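Below: one structure, written as structure tokens.
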Amino acid sequence: MELRTVRMFRLSIIFSVLFFTSVSGDYYSAISELEKLLDVEAFIVEKFDEYLERAQQEQDSIKRFLAHIDELQNDRGDLEEYFGNPLNSFITIRRLVHDWKFNVFDPVFQTSNFETYKSSLSDSLQKIKFKGPTQEDLQGATRGLLRLQKIYQLPTDQLAKGVLPGEKNHLNTSLSASDCFELGKNLCQNKEYSYGSEWLLEATKRLHGEPLDFISPNVSDVEILEQLSPAFNGLGNLKLAHKLNNEILDWEPNHEEALKNKIFFESKLAKDRILGPTKPVDVNQMTEKEQKESFQLYKRVCQGELHQSPREQRNLKCWRSHQEVPYYTISPFKIEQLSLDPYVAYVHEVLMDSEMEMIMDHGKGHMERSKVGQSVNSTTTEIRTSQNTWLWYESNPWLSKIKQRLEDITGLSTESAEPLQLVNYGIGGQYEPHFDFMDDDGHAVFGWKGNRLLTALFYINDVSLGGATAFPFLRLAVPPVKGSLLIWYNLHRSTHKDFRTKHAGCPVLKGSKWVCNEWFHVGAQEFRRPCGLNSDEGKFLDLEEK
């Protein structure tokens, strides 16, 4: 145990050097940030190749690992497509957090050149301002994959193989025993024992099924059992937990924790024989958030299980319209109605490829973790897993044409509008059901501009699977279509809040999702969209808390 402690202490020093500028949640919350990791990883390969020529210790095993990384670098192809695969995203983060430590840093830094090389590597990483992934990134990636499993009902064994529902939906990536173990361990730490135990069992299956020349899995039967036994105890299966704990002692008779657990399990089993077994844990028990009607509807809409009825779709239509703007008489807008009340519509082919590329280019490098909440009370949360930045019209004159186009399509003024918000979603990226309008009618935050009247959402790219914009109460899922604009009114004609407009971003199952949205406010719309004569206050009020 003392040797293991010394090694872990030394490794903690190394990773304090590597990840000295890490920021929690930088990588798992946006696909765009993950692209940097492969470039940095290639840099680390180069630095260690130089060092290995001097160290000459354990070169064979280390070079096998480096060759494995080189192969990944050569095969990565288009980065948007590569990291659009959620398994690739998880594996890359896990590799930077764990595999480098066990396959390279640990053996190399046992040499006498440890302090010299540590200083050299630290200086090199400072020069490129490297921010490494943290344990929080790995936990976030784990939560992202769990979210995909829950929302899209993905079987663990199939996801581990990279197989998704439907034909031709293979991810062309599979998870190793180490990957599955890390997922299972992290999930159990979050008390997700049902899914956690499934991943741990998958790790066992893969540990004994992987070829002998596979890169060292960094996981053993005992380590898996150390997590699996408490997991089944957490599920209320005391007998199986006891059996697995005994298996640990079969491998290591002096295992301290297992010996303690043996006493605990046997005492509890004896008590159950006298008083009767305790009530089993309900593995399907939902949180307060998941019990809400809107969340249940959101899941069903994202899964494609819930649709609008033929009656609701009967009067919807598609047409071309110049929106009373002569400029668009020759090339009118392509409008597709999705809901008449509240009004939701798609406007197709609004942005050109060059405009979308410029939007993304101006955003990359400036993205920060998305927050929820109003003003100073906003905070990061798993409710919204993405990164965003703001594009101000005043600082980006090239946006003037897009700004004018938004006014022409909506008939509204941008005088009180917010800057454009560019958003990129990460592993299993999503935004749970929410309203766009402010709780206090917007005056506390936006002053004279008032509340958010209309949302205009650009889709900047196509998404392979998932990522739809869902309206739970309307039973409507709008798939992302590159270059198109989705618009809907958040307020009734009387400017009172319309609670039917609760919406969400379904998790991205495969691909990368970029969106750019504009919020039009009530202020300055007096002559563009006059208020209705009747008050709509209190309408659909029962949906507010659902």
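By the beta-carbon count within 10 Å of each Cβ, the least crowded to most crowded order of Leu96, Leu79, Leu340, fewest first, is Leu340, Leu79, Leu96. Residues of the stretch 503-528 falling in the label zone of Asp361, defined by backbone nitrogen less than 19 Å from a point 7 Å along Cα to beta-carbon, are 514-516. Roughly how many whole Å is it from the C-alpha centroid of the stretch 445-464 to that of the stretch 30-52? What the calculation gives is 36 Å, centre to centre. Give me the base-10 log of I(q)/I(0) for the stretch 176-270 at each q in 0.10, 0.17 Å⁻¹, Debye formula, one uniform scatterer per Cα, rounded to two decimals. Computed log10 I(q)/I(0) values: -0.26, -0.71. For Arg452, the residues whose amide H sits under 5 Å from its own are Met438, ignoring neighbours fewer than 5 places away on the same chain, with H placed 1.01 Å from N. The residues Ile402, Ile274, Ile31, Ile383, when put in order of fewest to most other Cβ atoms within 10 Å, stand as Ile274, Ile383, Ile402, Ile31.
What order do you get for 184-196, 507-519, 317-329 when each peptide is scored by the mean count of other beta carbon atoms within 10 Å, highest first?
507-519, 184-196, 317-329
Give me the mean projected area, in nm² to one decimal, of the convex hull enclosing the Cα positions of the stretch 485-524. Each step should come with its number before you reach the end.
Numbers: hull surface 16.1 nm².
Projected over every direction and averaged, the Cα hull of the stretch 485-524 covers 4.0 nm².
Taking a straight line from the alpha carbon of Lys205, these lysines sit under 28 Å away, with near neighbours fewer than eight places off in the same chain left out: Lys63, Lys101, Lys150, Lys161, Lys168, Lys185, Lys191, Lys239, Lys243, Lys260, Lys262, Lys510. Approximating the spin labels as points 7 Å out from Cα along Cα→Cβ, the Lys205-to-Ser220 distance works out to 2.5 nm. To make sure I understand the rule: partners must be aspartates and glutamates, Cα under 15 Å from the Cα of Lys513, and not fewer than 8 residues away in the same chain. Which ones qualify? Correct list for Lys513: Glu33, Glu35, Asp78, Glu80, Glu81, Glu357, Asp361, Asp462. Gain on full extension, evaluated as 0.36 nm per residue between Asn377 and Arg528 minus their Cα-Cα distance, stands at 51.1 nm.
Inter-part distance, the stretch 281-356 to the stretch 366-433, computed on C-alpha centroids, equals 19 Å.
Taking each residue as 0.36 nm, the span from Glu305 to Arg493 lengthens on full extension beyond its C-alpha to C-alpha distance by 64.5 nm.
Cβ-to-Cβ counts within 10 Å put Asp542, Asp462 in ascending order as Asp542, Asp462, the fewest first. Maximal additional length on extending the Trp448-Glu256 stretch stands at 62.5 nm, based on 0.36 nm per residue less the C-alpha distance. In summary, the convex hull built on the alpha carbon positions of the stretch 309-543 has an orientation-averaged projected area of 13.5 nm².
Averaging 1/r over each pair of different alpha-carbon atoms in the stretch 407-546 and inverting the result gives 15.8 Å, the Kirkwood hydrodynamic radius.
Bear in mind that the values in this text are calculations on the coordinates, not laboratory data. As the structure is a computational prediction, the values presented were derived from the model and not from experiment. Using ideal geometry, Cβ is built from the backbone for each residue, glycine included, and neighbour counts are taken over all protein chains shown.
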